[in-house]
Amino acid sequence: MPSYDLAIIGTGPGGYVCAIRAAQLGMNVVVVEKRAAHGGTCLNVGCIPSKALLHTSEMFHEAAHGFGAFGIKVKPELDLAAMLAHKDATVKANTDGVEYLFKKNKIKAFHGTGRIAAPGKVEVATEDGKTEIVEAKAVVIATGSESTPLPGVEIDEKRVVTSTGALELPSVPERLVVVGAGVIGLEMGSVWQRLGSNVTVVEFLDRILPGMDNEVAKQSQRIFQKQGFDFRLGSKVTGVSEEGGALKVAVAPASGEGDGETIDADIVLVAIGRRPYTEGLGLAEIGVALDDRGRVKTDAHYRTNVDGIYAIGDAIAGPMLAHKAEDEGSALAEILAGQAGHVNYEVIPNVVYTMPEIASVGRGEEELKAADVAYNVGKFPFTANGRARAINQTDGFVKVLADKASDRVLGVHMVGAGASEMIQEAAVLMEFGGAAEDLARTCHAHPTMSEAVREAAMAAWFKPIHM
Ligand code: FAD
Ligand code: NAI
């Protein structure tokens, strides 16, 4: 008999949540993690440290540029080391929290690199060169993802960095070139731009934030440009070299036609996406199938093609988001316990934590058009919201998309301060199959930014009051 019910490789949001839920449901669980601290990309070098820096850099920027309009005169001075220390302390508090939860739930944790030697058998190689075999009835691959390399550009995490290096630059670069106008590029670009960097973003496509509703992406781009971002859309970076101490970034039109240019930079951030990380797991040897993008293939119950081996999170298909990984972890634990674990992929919120924030849930206009779904659109700008005026945060708008025949809400998209919190009411509404009228008739506290969400729902269903 194996000693454990469940062995989980990787303790990111997918793995650690799966472990805790499984233990709560009575399973004997072991986890294997090669990082020194649990919590995966998200807690160590992703969601948490980036949000710490986004918050502190925003406060610095507000103090320098926003307070004056409120009658507060200050001249902030940046102590970058202290700002980074706050970020590190935040990370530690969170990763310590996971360790505490493992102990509380009697989950055995190994630090080492896991390899699936055979179904039910995980070989753990520890740093001191020893190996240990862990046996379990079921094995979960929760090994996450890594940043996608840019061919021809070598990452040293000092001057040419991924998000990991961008979270710990020792000084504010005068010139930052970001490759990729996706989530990481805009979030980390915002951090350093607020602290004083001149930021140029080179993006292959002719738009920013691919996948987001077009109108939302366009308006966001205008706002970022107003903040000082310089965009080179429809462009690609073909190489980075060093000359006289500066980095020379070679940029060419994505189409291959027309003249290129060279942009000088002190730091280059490569943020062109992430790819699943399954290296060294021994998947080929035991025959676990991957798809054409290197993701572990699973069915709706997270089973791979090999009996007893499951996979969740960034390592499988779907959005690479911490909450998606967490929900898959919970659902899998429930399925393994004989319950009906399930993730509703139609209602996974997506947030870009810039200022203003950008948030969406459900389908965008382009997706609805492509699927030939008839819909009503309701929009409401924050310029017409009393609270937004009071706090000088009038940039952005809310858009509600509802089915033309049934009024059921199909998507909600917004740009605005606090959008990361406001999107949740749309998610709950959609989870319950709610209509725009339901949202429009729900009393909202006044004065709040969320009144704009209600007004957009009113506009989709009938008419808004304040516009
Ligand atoms: P991971 O968190 O990547 O964890 C996998 C773990 O497995 C790692 O700790 C790794 O060390 C370990 N591992 C891998 N192979 C082995 C092995 N063989 N043996 C032992 N251990 C192994 N998502 C959001 O939803 N919101 C955000 O705000 C957000 N911000 C982000 C910011 C940045 C800069 C980055 C890079 C990502 C961000 N993400 C965000 C994405 C989020 O971090 C991931 O979607 C999430 O961490 C995926 O969880 P996971 O458990 O699948 O994998
Ligand atoms: P991304 O997929 O969001 O954006 C990458 C961008 O790079 C795209 O716009 C793409 O068109 C562009 N690109 C690709 N190749 C290029 C090239 N050669 N030259 C120029 N541009 C190129 O990926 P990103 O920003 O690296 O983030 C990875 C993932 O991490 C995200 O997709 C998301 O899943 C997760 N993440 C989530 C966050 C959040 O939820 N707030 C924050 C940060 C990361």
Kindly indicate whether Ser190 is among the hydroxyl-bearing types (Ser, Thr, Tyr) and within 15 Å of ligand 2 (Cβ to nearest atom).
yes
So, of the residues in the range 290-329 that are under 15 Å from Val139 (Cα atoms) and small (Gly, Ala, Ser), which turns out to be surrounded by the fewest Cβ atoms within 10 Å (Cβ to Cβ)?
Gly308
Within the range 16-46, restricting to residues that are more than 14 Å from Thr113 (Cβ to Cβ) and of a type in the set (Gly, Ala, Ser), the one that is most open to solvent (accessible area, probe 1.4 Å) is Gly26
Subset of the range 341-379 that is without any contact (Cβ under 8 Å) to a residue 24 or more places away in the chain and assigned by TED's automatic domain parsing to the domain that holds Glu437 - its residue that is nearest to ligand 2 (Cβ to nearest atom):
Ala370
Can you find even one residue in the range 206-229 that is surrounded by fewer than 21 Cβ atoms within 10 Å (Cβ to Cβ) and assigned to a strand (DSSP E or B)?
no
Filtering the range 414-461 for residues that are polar (S, T, N, Q), over 24 Å from Leu209 (Cα atoms) and touching a residue at least 40 places away in the same chain (Cβ under 8 Å) leaves a count of 1
Looking at Ala284 and the list (1) in the same structural domain as Pro173 (by TED's automatic domain parsing); (2) at pLDDT 95 or above, which single condition is not satisfied?
(1)
All positions within the range 291-332 that are at positive phi, more than 11 Å from ligand 1 (Cβ to nearest atom) and either within 23 Å of the chain's Cα centre (by Cα) or in a helix (DSSP H, G or I) (or both)
Gly294, Tyr302
Away from ligand 2 (no atom under 16 Å from the Cβ) and among the charged types (D, E, K, R) - does that describe any residue in the range 41-60?
no
Taking the range 249-290 and keeping residues within 16 Å of ligand 1 (Cβ to nearest atom), over 15 Å from Glu146 (Cβ atoms) and not aliphatic (A, V, I, L, M) leaves Gly282, Glu285
Those residues that are within 16 Å of ligand 2 (Cβ to nearest atom) and open to solvent by 20 Å² or more (accessible area, probe 1.4 Å), I need them from the range 117-152; list them, please.
Thr143, Glu146, Ser147, Thr148, Pro149, Leu150, Pro151, Gly152
In the range 249-281, which residue that is under 30 Å from Ala117 (Cα atoms) and either in a strand (DSSP E or B) or touching an Asp or Glu at 6+ places or on another chain (Cβ under 8 Å) (or both) is nearest to ligand 2 (Cβ to nearest atom)?
Arg274
Considering (1) within 16 Å of ligand 2 (Cβ to nearest atom); (2) crowded, with 21+ Cβ neighbours inside 10 Å; (3) among the hydrophobic types (A, V, I, L, M, F, W, C), say which one Val91 fails and leave the rest.
(2)
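The values are calculated or read from the model by the stated rules, or taken from the named source; none is laboratory data. Predicted model, so just to flag it, every value in this text is computed and none were measured. For neighbour counting, all protein chains shown are included, and Cβ atoms are generated from backbone atoms with ideal geometry for every residue, glycine included. Calculation scope for accessible area: heavy atoms of the full protein, side chains included, ligands and nucleic acids excluded. Shrake-Rupley method; radii C 1.70, N 1.55, O 1.52, S 1.80 Å.
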